[in-house]
1. Starting from the stretch 249-271, take each residue that is over 14 Å from Val184 (Cβ atoms) and list its partners that are open to solvent by 10 Å² or more (accessible area, probe 1.4 Å) and at pLDDT 95 or above, counting only C-beta distances under 8 angstrom and pairs at least six apart or across chains.
2. Here is a list of conditions, (1) touching a strand residue (DSSP E or B) at 6+ places or on another chain (Cβ under 7 Å); (2) open to solvent by 30 Å² or more (accessible area, probe 1.4 Å), and Arg796 meets all of them except one; can you say which number that is?
3. Would you be able to say whether some residue in the stretch 635-652 is touching a Gly at 6+ places or on another chain (Cβ under 9 Å), of a type outside the set (Gly, Ala, Ser) and at pLDDT below 95?
4. If you go through the stretch 299-320 one residue at a time, do you hit one that is of a type in the set (S, T, N, Q) and within 23 Å of the chain's Cα centre (by Cα)?
5. Considering each of Gln519, Gln512 in turn, give the residue that is open to solvent by 70 Å² or more (accessible area, probe 1.4 Å), under 26 Å from Pro652 (Cα atoms) and either within 39 Å of the chain's Cα centre (by Cα) or not charged (D, E, K, R) (or both).
6. When you scan the stretch 706-713, do you find a residue that is open to solvent by 40 Å² or more (accessible area, probe 1.4 Å), at pLDDT below 80 and closer than 30 Å to Gly301 by Cβ, even just one?
7. Does Glu484 fit the bill of being among the charged types (D, E, K, R) and either outside any helix (DSSP H, G or I) or surrounded by 20 or more Cβ atoms within 10 Å (Cβ to Cβ) (or both)?
8. At pLDDT 90 or above, open to solvent by less than 50 Å² (accessible area, probe 1.4 Å), assigned to a loop (DSSP other than H, G, I, E, B) and more than 26 Å from Val449 (Cα to Cα): does that describe Val627?
Amino acid sequence: MVACVSPLAVLEQVTGHVRGEDGSVLVVLTDREEGELGNGVLSHALRHQVLTVEPWSLVEESFGAQRLDPRLAAERWAAEARIDAMPPGGWPPLSGTVLNPNVALRHLAARRLGLDRLGLAPDDLDAQALLRWSALPGAVESFGRLRAEERAGLVAWLTERNGQVARTLFALVHAGHGADALAVGLVSGALWAPAARGATERAQGRVDRYVGDAHLDDGTIRAFADVAEEVVGGLLAESAGPEPRAMEAGRLVHAVLDRAEELLAQFAAEDAARYSDVLRSGFEHRIGAVAEALHACLAGGGPAVVAALADAVATLDRHQLAGTHRHRTERARMAQRLVQWLGRPAAEPSGVGDGIGRQIAEWGWVDLALSYVWAGEDVHPELKAAYRALYDRVRVRRRALDAAFAQLLAAWTAAGSSEPGGMLLVESVLPRVVAPLLGTAKRPALLLVLDGMSAAVAVELAEELRRQRWEEYDPLHDGGADQEARRRAVVAALPTLTRVSRASLFAAGLRQGGQDDEQKAFEGHALWRGRKVRLFHKDAVRGGAGEALGDELEQALSDPDTLVAVVLNTIDDALDHGREGADPGWEVADLGSLRALLDHARYHGRAVVLTSDHGHVLERGGELRAVPDALSARHRAGDGPVTDGEVELAGPRVVAPGNRVVALWDPDVRYLPRRAGYHGGASLAEVTVPLLAFLPLGAAAPAGWRPLDDQHPAWWSLARVTPEAQPVPAAVPQPRKPRGRAPVPEGQAALDLVAATAPSPEPPGGATLVDALLDSEMFAAQHGLTPRKVPASKIRAAITALLEANGVLPVTVLADRAGEHAARAGGFVTTLQRIFNVDNYPVLSVVDDGRTVRLDARLLREQFGLREGRG
């Protein structure tokens, strides 16, 4: 078989060929016509003619087709292109017998465009795939090297299939700007945004000229821009996913975003970026809008100012780069929350128990948000200034709360050590919370002591655990009808040091000591009544190479009859040495072996009690006050007079010589050289010991444990509040008179945000709506059809609880509120769905993998014929 490119070469081969004894023949491949070869050559040929190979016959054969669609036969360019582009292994076989244009050209286009570089198959060829292809390095140039006839045929077919997007893309290719297609789409999304109407015509004209002479209408460009934004959003999501695609997607998408910024400048369209949900400069513009709104809130104003901040933060959060710049977005959210907290009245604690309870329920959330605002803004100078002003404003109020609490703590400590208002003491955790699990409940348990964990750390960890399918409980509910289940905290031993408060926790009595003392006291308690218990510290927790936990700890966790306690020192160590990285907050993965311990607890069905020995305050550029009798960074011997920022603590609860110390309540003062954080003082953050209780999702609860719903304070919500119910923040330009020992820093105006009196909105639930529902004929009929008759009183309680919770409650909490046993919560909700989901309309739905019940109040009214305004 010989290829010949000229008549002379054919003649040479034909006349020189001698038929072999084995019957071999010569095959000459040539593109010359019969008239060019002449009779002399043809006389040697089979049948004295040139045998023409029909391209489509080869294509049919390669696909395994039996018949060719007549529409395809007319496209000769496609047959030749299919032969040229045929993969080494041939084209994939057809599922049928007829080769149609859609199949043939889809495979050809996928091959010519190189969609395999994107991990896409021929069936994935759509408008988004085309735009992703255009951004690949060298892709458009390679397409331009195809034969003109094939290129034109592919463009026509792709445009027919993908309409406006393909038309715009290939107009850019024709104009020499095909590689910029995605970037042009992003810029066009800003210029043709509905909000930009009338403000960007000149820049639109520059884009029209860039596209060439295609004369695209606004609808076509808008459709092209929409798909471009979808593609970039997908690339951003892919870049945050697993490797190996993530790195390639990241390079591609950030190259597109860089080029879009260059085109913005080229088109003199920088101002239009504010309308974009994708452009980098659009994200920065929204950062600026948050800064402007935050400054306006701090300057005072009506509800519209706070609503404008909520809108600015929500708009920032909708930007597709919000995930890429998650830390900046999260700090803006935290700033909004702090503004909303400042817009509420600042009631000081009425007692030690009240202060501890409010620290875990509200003020710990303030401290958490404050740590994000302290971390600050990366780039924008106005937002940096706004964060600093907000931080100072919040610290004035928090400092006053600490001052008030310190005076209450001093009085309570001097009076004795009785539990304040039902609030637990740290030495009561074992007998009141842990021991009952081994006694009447007979539940395997894991006690985790996170040394130094404050309320701010605890509330953030609790939210993460709830997302990880742990169910949170109140382990101390006394069953009283008027007592609401809530997250708990306990009072630390004094001074708030590990050697004192952790020793008191494990000894179940006030004392001080080290690890050996803790282990001896804990494992020798009469509380356990002979049950096996183990306490693990530091080196005993971590295993060797390839082991998340030590062998002895794993064995103890695997034994359901052993109570296991583990101390994790990650937080306390970070106070001494600092943490790498500027991001605030703590996650499960940050806390040593916590994740592995929780995994073991889930697997073995252990109840988890998560607590601490004391909290901490963080270094925020505070004052070093040198004293000769410092015993820690936050307390000293009680010999000298008490000065500003200090409080005297004396009484049997103070584990120190003479039962007396002087402790700092001011979080901005310390006695010893600077570290990342401190404890030993009398601030709310140091004295409050969080107490969290969890069970694996679906596990039966021990007696006395009550499930908890969302524990966010009301002001934590980022939902936009209507002006009628919005707190009105206003700057008060005179110093606040400090309470107790809370002086205003010299030269600083103690500004505060106060809430204006606003009418309280009607409660979302109410007897009117529920009464009308239960009295309706539809309810009576639906209730009568259920095989298991649920008492109307439970149904009333369930619907009332859902309405009061804005329609959303965890399944276990809903059952608890209705008086239904937690073990029957799933069946109870299923019965409610049978009653209320008339004709399968989702009045009552179960979401979040079966964890949460959602009530659609509007649909409830509609299905049961209740008037809109009732209730």
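1. Partner pairs satisfying both residue conditions: Glu270/Ser281.
2. The number of the failed condition is (1).
3. Taking every residue of the stretch 635-652 in turn, at least one turns out to be touching a Gly at 6+ places or on another chain (Cβ under 9 Å), of a type outside the set (Gly, Ala, Ser) and at pLDDT below 95.
4. For the stretch 299-320, residues of a type in the set (S, T, N, Q) and within 23 Å of the chain's Cα centre (by Cα): present.
5. Values: Gln519 fails: open to solvent by 70 Å² or more (accessible area, probe 1.4 Å).
So the residue among Gln519, Gln512 that is open to solvent by 70 Å² or more (accessible area, probe 1.4 Å), under 26 Å from Pro652 (Cα atoms) and either within 39 Å of the chain's Cα centre (by Cα) or not charged (D, E, K, R) (or both) is Gln512.
6. no
7. Numbers: among the charged types (D, E, K, R): yes; either outside any helix (DSSP H, G or I) or surrounded by 20 or more Cβ atoms within 10 Å (Cβ to Cβ) (or both): yes.
Criteria met by Glu484.
8. yes
The values are calculated or read from the model by the stated rules, or taken from the named source; none is laboratory data. Source: prediction; values computed, not measured. Glycine gets a Cβ as well: all are built from the backbone with ideal geometry, and neighbour counts include every protein chain shown. Side chains included, ligands, DNA and RNA excluded: accessible areas come from the protein's heavy atoms. Shrake-Rupley method; radii C 1.70, N 1.55, O 1.52, S 1.80 Å.
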